[in-house]
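Only the coordinates and a few stated rules stand behind these numbers; no lab work does. None of these values were measured; they are calculated from a predicted model.
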Amino acid sequence: MDTLGKEDVINGLKKCKRLAKQDLLASNLTSNPEFWNKQAETRRQTYSVLIDLVERKGIAAATDYALNSFAKLPPDNGDSPEIRGQRQALKMFFTILGFDERIALQGAKSTAGMMQIPPVVAQANL
């Protein structure tokens, strides 16, 4: 079994951040440039926060932040570009770690911010 290390998670997040920058640059070519610009910028900011947390405090701290942030998002129903961007970035982070955000959301809501990260998630096993 392969274990995803800290550098692997950081590299994955950096690639996602670069894709968000490309989307930011391409947003002017869309039918709704303001919306897509805000959505891409929010994704970039969210990836930056996650990268910083992984670098300074580790994968478990970044995962805890992501789970709590995801749990606080309103239901997905025609959200603002900022909420959509944050939701998309957090989902991508969960994908990098190898778990489903629906399970993460249930766990985060059931513990109301006092969640203990399961060892499998803390180690980011794939």
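Can you list the lysines whose alpha carbon is less than 25 Å from that of LYS38, not counting same-chain residues fewer than 8 positions off?
Within the straight-line limit of under 25 Å, LYS38 reaches these lysines: LYS14, LYS15, LYS17, LYS21, LYS72, LYS91.
Setting aside same-chain residues fewer than 8 positions from LYS57, which aspartates and glutamates have a Cα under 14 Å from its Cα?
Partners found: GLU7.
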